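> Dropping a structure here in structure tokens format, bear with me for questions.
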Amino acid sequence: MKNLTFLILLPILISCSTENWESLRTNTEEAFNNGNYAQAIECLEKAISNEPQNAEAHYYLGQTYRLMVFKDGSMLNKVTTPLTLKSSEHFRTATEITPKYTGKKFVVDPYSKIQSIWGALAMTFLYNNNPDSARWAFDYGQSEGGFYPAMMEYNKNIMASCEKNAILFTNGDNDTFPMWFLQLVEKYRTDITVINLSLLNVSWYIQQLKNSYPFGENNLFVNLTDADIDSLRPIYWEDGKVTIPVKHDPLNKAGKIEWRVKPTVEDKAIRVQDILLMDIIRANDWNRPIYFSTTVYEGNKIGLDNFLAPEGLVERLCSHERKVSAEKIYSNLTKVYTYDGMKDKHISDVEEVASLYQNYRHIFINLARQYEDAGEKEKVIEILTLMDEKFPEALLPYANEEINKEAERLRSKYL
């Protein structure tokens, strides 16, 4: 049996004896895949000893400590400060060596990783009813290089799009942790309940939303008991129709909205987040306005598209089939949103925030098309002029060729 045990363990033993970074990186990834973080750290410390200015090696080491801090949302309430500090140190070092990080990424850039780990630690402190420490975690994360001005302004504009007492669904780290920072540290829009759809698969987070929203007013409607929440699992689901009653809407003669929800798990089941999303909408009973950030992945909207009206950086859930309001979008673009984030050096250094800022152009161009279709030439000119003023191509090159061509067509016709 001893020999057999040795043979089983042998394949997962990784050698860090090589001096070559490419080999050390391969060995590190193998160690990741095997959950052997101590071995990954040994390889990476050797790499950094050989090449102290290797930003990618520091990024990898930051990622190793991050995986030890938490792998997924189920562990966001169990994050430890020492590992957070170690992870953050190496992500920050990667950005100091190369402000425009171009190495391999594990989903997101080092700036976003810093936001993620400090936001996670803040959630742990809040879970343990320690808001002062949570504020410290957010502040420290900002001092390390996360929560930078362009990212914070983008999130602030998303929140500014919403009416009072809104429920706002978000998607990931870059459109959630900055909003929670704004609510807890800056006391901005604490009337909004920001709900991360990915975390709606995690029972502790669902219970926190139901019992004590930690960033502001606690007025979310959830019909489930804590025991119900603990027992939630993905359920078998056929391509079925969902109906929710509608009240006091003269545009909805049927008194209900209906839409088809398709399976989201291997064409057989729906996720816990899908179950919760339906429950929250139903339990809300149209008492609070509901929005989805435009960053939310299409598949996470469970087929609600016909009832989601674009209003800029958000889509609002309507109690009737959606009607696009040019006036609302125009108001957000010209009176509500600020664009100082374009002065932030991170626009050129960080691919992810530059990608987010491209969304503004999509909104401007779509609004210009609406005004063109309505024959409102002066409005087209106003919108195009404002877009080019706020988002000059020299600072934010076009990333979408179709949008670029449409912008050129409109300029040649109206400017």
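The values are calculated or read from the model by the stated rules, or taken from the named source; none is laboratory data. Keep in mind that this is a model prediction, so the values were computed, not measured. Don't worry about glycine lacking a Cβ; one is built from the backbone with ideal geometry, like all the others, and counts go over all protein chains shown.
> Sort through 78, 100 and tell me the only one that's outside any helix (DSSP H, G or I), basic (Lys, Arg), in contact with a helix residue (DSSP H, G or I) (Cβ under 7 Å, 6 or more places away or on another chain) and under 18 Å from residue 37 (Cβ atoms). Spell out the reasoning first.
Numbers: 100 fails: under 18 Å from residue 37 (Cβ atoms).
Step by step, each of 78, 100 is checked, and only 78 is outside any helix (DSSP H, G or I), basic (Lys, Arg), in contact with a helix residue (DSSP H, G or I) (Cβ under 7 Å, 6 or more places away or on another chain) and under 18 Å from residue 37 (Cβ atoms).
> Can you tell me how many residues within segment 261-278 are assigned to a strand (DSSP E or B) and within 15 Å of residue 241 (Cα to Cα)?
From segment 261-278, those assigned to a strand (DSSP E or B) are 261, 265, 269-270; that's our starting set.
The next check asks that each one be within 15 Å of residue 241 (Cα to Cα); those that pass are 261, 269-270.
Looking only at that region, the number is 3.
> Tell me whether segment 222-230 contains one or more residues that are out of contact with any Gly (no Cβ under 9 Å at 6 or more places or on another chain), within 30 Å of residue 143 (Cβ to Cβ) and in the same structural domain as residue 278 (by TED's automatic domain parsing).
At the first step, the residues of segment 222-230 found to be out of contact with any Gly (no Cβ under 9 Å at 6 or more places or on another chain) are 222-230.
Filter once more, so that each one left must be within 30 Å of residue 143 (Cβ to Cβ): none.
Taking every residue of segment 222-230 in turn, none turns out to be out of contact with any Gly (no Cβ under 9 Å at 6 or more places or on another chain), within 30 Å of residue 143 (Cβ to Cβ) and in the same structural domain as residue 278 (by TED's automatic domain parsing).
> Which residue, of 168, 224, is more than 30 Å from residue 325 (Cα to Cα), in contact (Cβ under 8 Å) with a residue 24 or more places away in the chain and outside any helix (DSSP H, G or I)? Give the derivation first.
Numbers: 168 fails: more than 30 Å from residue 325 (Cα to Cα).
The conditions single out 224.
> Looking at residue 153, is it assigned by TED's automatic domain parsing to the domain that holds residue 274 and farther than 30 Å from residue 285 by Cα? Don't jump to the end; show me each part of the working.
Details: assigned by TED's automatic domain parsing to the domain that holds residue 274: yes; farther than 30 Å from residue 285 by Cα: yes.
The answer is yes for residue 153.
> Is it true that some residue in segment 235-249 is within 30 Å of residue 134 (Cβ to Cβ) and not assigned by TED's automatic domain parsing to the domain that holds residue 116?
Of segment 235-249, the ones within 30 Å of residue 134 (Cβ to Cβ) are none.
Checked segment 235-249: no residue is within 30 Å of residue 134 (Cβ to Cβ) and not assigned by TED's automatic domain parsing to the domain that holds residue 116.
> Report the residue count in segment 51-76 for those that are modelled with pLDDT under 90 and of a type outside the set (Val, Ile, Thr). Before you say what the answer is, go through the steps one by one.
Of the residues in segment 51-76, the ones modelled with pLDDT under 90 are 69-76.
From what's left, of a type outside the set (Val, Ile, Thr): 70-76.
Summing the residues that are modelled with pLDDT under 90 and of a type outside the set (Val, Ile, Thr) in segment 51-76 gives 7.
> Is it the case that segment 105-118 has a residue that's out of contact with any helix residue (DSSP H, G or I) (no Cβ under 7 Å at 6 or more places or on another chain) and within 24 Å of residue 26 (Cβ to Cβ)? First the steps, then the outcome.
Filtering segment 105-118 for residues out of contact with any helix residue (DSSP H, G or I) (no Cβ under 7 Å at 6 or more places or on another chain) gives 105, 107.
Next cut, within 24 Å of residue 26 (Cβ to Cβ) only: 105, 107.
Yes, that holds for at least one residue.
> With respect to the numbered conditions (1) in a helix (DSSP H, G or I); (2) surrounded by 21 or more Cβ atoms within 10 Å (Cβ to Cβ); (3) out of contact with any Ser or Thr (no Cβ under 7 Å at 6 or more places or on another chain), which one is the sole condition not fulfilled by residue 135?
The single condition residue 135 does not satisfy is (2).
> Now for a separate question. Go through segment 158-206 and report how many residues are aliphatic (A, V, I, L, M) and either outside the structural domain of residue 278 (by TED's automatic domain parsing) or under 17 Å from residue 352 (Cβ atoms) (or both).
Quick first cut of segment 158-206, residues aliphatic (A, V, I, L, M) only: 158-160, 166-168, 179, 182, 184-185, 192, 194-195, 197, 199-200, 202, 206.
Still in the running and either outside the structural domain of residue 278 (by TED's automatic domain parsing) or under 17 Å from residue 352 (Cβ atoms) (or both): 158, 179.
Number of matching residues: 2.
> Further, regarding this structure: How many residues does segment 191-209 contain that are farther than 20 Å from residue 130 by Cβ and either among the basic types (Lys, Arg) or part of a loop (DSSP other than H, G, I, E, B) (or both)?
Selection size over segment 191-209: 3.
> Considering only residues that are crowded, with 21+ Cβ neighbours inside 10 Å and of a type in the set (A, V, I, L, M, F, W, C), which ones fall in segment 185-198?
Answer for segment 185-198, where residues must be crowded, with 21+ Cβ neighbours inside 10 Å and of a type in the set (A, V, I, L, M, F, W, C): 192, 194, 195, 197.
> When you check residue 112 against the structure, is it part of a helix (DSSP H, G or I) and over 15 Å from residue 140 (Cα atoms), yes or no? Walk me through how you get there before you give the answer.
Numbers: part of a helix (DSSP H, G or I): yes; over 15 Å from residue 140 (Cα atoms): no.
So residue 112 fails the test.
> Is it true that some residue in segment 341-348 is of a type in the set (Val, Ile, Thr) and either assigned by TED's automatic domain parsing to the domain that holds residue 199 or at pLDDT below 95 (or both)? Don't jump to the end; show me each part of the working.
First, pick out the residues of segment 341-348 that are of a type in the set (Val, Ile, Thr): 347.
Among the residues that remain, those that are also either assigned by TED's automatic domain parsing to the domain that holds residue 199 or at pLDDT below 95 (or both) are: none.
Within segment 341-348, none of the residues are of a type in the set (Val, Ile, Thr) and either assigned by TED's automatic domain parsing to the domain that holds residue 199 or at pLDDT below 95 (or both).
> For segment 216-242, name all the residues that are exposed (fewer than 11 other Cβ atoms within 10 Å of the Cβ) and within 24 Å of residue 165 (Cα to Cα).
223
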